[in-house]
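A short worksheet on the structure shown next.
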Amino acid sequence: MRNQSNSAVEAAFLNVQDAAKYMGISVNTLYVWRHRRQGPPSFRMGPGGRVMYRRDLLDAWLSEQQQADSRSNQALNPLNKAPRQRERRRAA
């Protein structure tokens, strides 16, 4: 029974190395994003202050990134919009 509860915690929380592997990016990228406050939400846990990530928040952050990309979200694709007419300037 104890192994099941440990695996549930491990599945819910990821350290930096596991989060980077889960997202398919380098550990250094996660550290840079954390320093710049750009990446997925993280927190420090325990007396040693280990940086941890919640798996559900990683999934949500990745989904937000996908929706914000015009290649994934056709509503944001500039090629799907009608071209704008240029306004003519009048001579003064």
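The values are calculated or read from the model by the stated rules, or taken from the named source; none is laboratory data. Predicted model, so just to flag it, every value in this text is computed and none were measured. All Cβ positions, glycine included, derive from the backbone under ideal geometry; neighbour counts span all protein chains shown. Protein only, heavy atoms only, side chains kept; ligands, DNA and RNA dropped before computing areas. Shrake-Rupley method; radii C 1.70, N 1.55, O 1.52, S 1.80 Å.
Residue 45 - would you say it is at pLDDT 90 or above and touching a strand residue (DSSP E or B) at 6+ places or on another chain (Cβ under 7 Å)? Don't jump to the end; show me each part of the working.
Working: at pLDDT 90 or above: no; touching a strand residue (DSSP E or B) at 6+ places or on another chain (Cβ under 7 Å): yes.
No; evaluated as a whole, the condition is false for this residue.
Could you list, in sequence order, the residues of segment 19-30 that are assigned to a helix (DSSP H, G or I) and surrounded by fewer than 15 Cβ atoms within 10 Å (Cβ to Cβ)?
Matches in segment 19-30: 21, 22, 27, 28, 29.
Counting only residues that are over 19 Å from residue 25 (Cα atoms), open to solvent by less than 90 Å² (accessible area, probe 1.4 Å) and in a loop (DSSP other than H, G, I, E, B), segment 35-67 holds 3 of them. Taking segment 11-25 as the range and being among the β-branched types (Val, Ile, Thr) and touching a helix residue (DSSP H, G or I) at 6+ places or on another chain (Cβ under 6 Å) as the test, only 16 passes.
Tell me, which residue of segment 1-18 that is modelled with pLDDT of 70 or more and not in a helix (DSSP H, G or I) is most open to solvent (accessible area, probe 1.4 Å)? Give the derivation first.
First, the residues of segment 1-18 that are modelled with pLDDT of 70 or more: 11-18.
From what is left, the residues that are not in a helix (DSSP H, G or I) are 13-15.
Working: 13: 66, 14: 9, 15: 34 Å².
In this case the residue turns out to be 13.
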